[in-house]
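Since every read-out is calculated from the coordinates, none of them should be taken as a lab result. None of these values were measured; they are calculated from a predicted model. Cβ coordinates were reconstructed from backbone atoms using ideal geometry, including for glycine residues, and neighbour counts include every protein chain displayed.
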């Protein structure tokens with residue numbers, strides 16, 4: 001069954017004209033992450049590689065496709081966590097970093113801290129030799145268009161969130177049974193400056209524990225934080241629920257308790273996995289035993305050999 005990698009490209013409503021790019025993007029990221037296993041890499045190496053691919057894809061709300069805050073600026077959050085020792089690293093509200101997920105891993109590996117924010121995170125990045133990029137290089141025309149549209153007095157906040165490609169993330173378990181998660185986001189459209197959502201918070205945007213499994217979440221951050229969604233799902237797995245059943249229970253609880261919609265990718269140490277969501281859509285892909293799995297709509301599950309060309 002091992003290893004396995006599962007990625008998501010965000011839950012929400014994805015316009016038809018962007019759906020194909022979203023599906024292609026998660027499939028490409030899943031292939032890249034799985035290739036890390038084939039080179040002998042760990043589950044942490046695999047999830048960071050997959051999320052880096054998604055951060056570099058302007059179709060997603062992370063890295064160079066991030067949505068803009070109320071001032072028209074990019075502020076990004078990310079987390080990584082590994083299940084053997086529960087080590088984790090996170091960044092909040094970083095502005096000039098192309099790959100926040102890689103900076104989160106450096107925080108986990110090179111410091112005694114779990115999270116750095118804003119200018120402190122940027123200062124650490126400079127110490128580590130991480131190159132800074134311009135804000136402009138992270139802003140797409142699509143993001144700027146939607147930011148401007150949302151500023152108008154008659155803007156419909158529900159409609160303006162439509163087309164949000166969402167937070168990206170990945171979970172994996174390697175051949176040694178070690179699990180890991182990584183999640184990265186540009187946040188929510190036209191958020192207040194300094195707003196931080198669920199993504200960098202342990203147990204909310206992600207959690208990994210070899211004794212139960214790993215989860216990466218996507219959806220409305222404030223709702224996810226209220227129910228600590230990632231940890232909530234792993235609690236159900238500790239009680240004997242499968243990855244799929246536990247994911248459904250967590251999402252149902254969030255919907256009934258706080259009215260929140262979202263999605264998750266989940267894996268257990270034995271290689272059982274799930275991609276579940278309560279929103280209209282969530283682009284996801286998984287690779288296991290050289291088979292690529294992917295989908296976008298509820299009930300959609302396409303499989304093909306990873307040897308087939310993209």
query: For the chain, what does -39500 (n - 2.57) per DSSP helix run (n ≥ 4), summed and divided by total residues, give at 222 nm, in deg cm²/dmol to the nearest 500?
result: -10500 deg cm²/dmol
query: Along its principal axes, what span do the Cα atoms of the chain show, with the longest given first and each in whole Å?
result: 52, 44, 42
- request: Please give the FRET efficiency for residue 245 paired with residue 17, using the beta carbon to beta carbon distance and R0 = 30 Å, rounded to the nearest 0.05.
  value: 0.30
query: Is the shape of the range 1-157 best called rounded, prolate or oblate, per the rule: a/c under 1.5 gives rounded, else a/b larger than b/c gives prolate, else oblate, with a ≥ b ≥ c the square roots of the Cα gyration tensor eigenvalues?
result: oblate
- prompt: In the Gaussian network model of the chain, springs joining C-alpha atoms below 10 Å, which of 288, 38, 241 carries the largest mean-square fluctuation?
  reply: 38
- request: Could you tell me the distance between the Cα centroids of the range 244-310 and the range 163-218, to the nearest Å?
  value: 14 Å
task: Give, in nm to one decimal, the length gained when the segment between residue 226 and residue 270 is fully stretched (0.36 nm per residue of separation minus the Cα-Cα distance).
output: 12.9 nm
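Given a cut-off of under 8 Å on Cα pairs at least six residues apart, what relative contact order in percent is computed for the chain? Walk me through the numbers on the way to the answer.
Details: 872 pairs, mean separation 77.3, N = 310.
Answer for the chain is 25 percent.
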message: Using Cβ contacts closer than 10 Å as the measure, can you line up 283, 28 from fewest to most?
response: 28, 283
query: Which percent, to the nearest 5, of DSSP beta bridges fully inside the range 17-127 are antiparallel?
result: 60 percent
statement: One finds the C-alpha centres of the range 51-80 and the range 105-139 to be spaced, in Å, by 14 Å
- request: Name the most mobile residue of 29, 121, 90, meaning the one with the largest mean-square fluctuation, in a Gaussian network model of the chain with Cα contacts below 10 Å.
  value: 121
query: Quick one: 257, 231, fewest Cβ neighbours within 10 Å first, how do they rank?
result: 257, 231
task: Please give the residues of the range 100-134, grouped as numeric ranges, whose backbone N is less than 18 Å from a label point set 7 Å along the Cα-to-Cβ vector of residue 73.
output: 100, 116-126, 132-134
field: GNM flexibility winner over the chain from 184, 216, 59 (Cα, springs under 10 Å)
entry: 59
